[in-house]
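Notes to accompany the following structure.
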Amino acid sequence: MDLITSFCGKVREVLESTDNQTDIFARCRDLVSGLALTPVFLKETFQKYAADDEFIMNRVLTADSNEVTLYIDPDRLFSLRLYIWDTAQCYPIHDHGSWGVVSCVAGEVLERKYKRVDDGSKPGYAKIREVKSAILKPGETTVVLPLNQGIHKMESVYKDSSSISL
């Protein structure tokens, strides 16, 4: 069994065994960190990407050219995505429609977290302030929460080489 299949089976087991969010985050952070730190993970992934026609044909294309969808659970419980950060690449401040666990695989990625401080009454406008920042190194994780609970900005730290996150 390959690393991605094994990892995804373990994540599915976690999600089917509990609905306790704290437990899910703790267990999934350990799993994501472990996969990110597995030396052959990137080699196996890029070999599949380069040589496995079925893997390539099943790839889900997204608007982000640096995003590689590695797996989508058949019941849509979760997905596994790899992000290849170009040098000095920065995503603008944004939120997400769901929760997630992010780990650095190679290089370093800076995450800045924000808190919404307005009352949300003005459509298309949000007043925010930075509440935390951290540089993720390989194996280190962060949790992304949905909507106003998970406003953040991420960027590549390295100006002369790419970084990879999972």
Rounded to 5, the percent of DSSP beta bridges in region 81-166 classed as antiparallel: 90 percent
Listed peptides 23-34, 90-101 by packing density, highest first (mean Cβ within 10 Å): 23-34, 90-101
Computed [θ] at 222 nm, helices only, for the chain once each DSSP H run of length n ≥ 4 contributes -39500 (n - 2.57): -8500 deg cm²/dmol
Cα long-axis angle, helix 3-17 against the chain (0 to 90 degrees, to the nearest 10): 50 degrees
Inter-label distance for Tyr71 and Tyr125, nm, one decimal - labels placed 7 Å from Cα along Cα-to-Cβ: 4.5 nm
Kirkwood hydrodynamic radius of the chain, Cα pairs, Å: 17.0 Å
With Cα atoms, 0 to 90° folded angle of helix 41-51 axis to the chain main axis: 70 degrees
Lysine-lysine proximity count for the chain, Cα under 26 Å, sequence distance 8 or more or distinct chains: 23
Acute angle (nearest 10 degrees) that the helix 21-36 long axis makes with the longest principal axis of the chain, alpha-carbon atoms: 50 degrees
Extension gain from Trp99 to Lys137, taking 0.36 nm per residue of separation minus the Cα-Cα distance: 11.6 nm
Mean Cα-pair separation over length for the chain, i.e. relative contact order, pairs under 8 Å, 6 or more apart, %: 27 percent
Geometric extent, Cα atoms of region 68-166 - Rg, Dmax (angstrom): 14.5, 42
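Read-outs throughout are calculated quantities, based only on the coordinates presented, and are distinct from any laboratory measurement. Just so it is clear, the model here is predicted, and its values are computed rather than measured. Don't worry about glycine lacking a Cβ; one is built from the backbone with ideal geometry, like all the others, and counts go over all protein chains shown.
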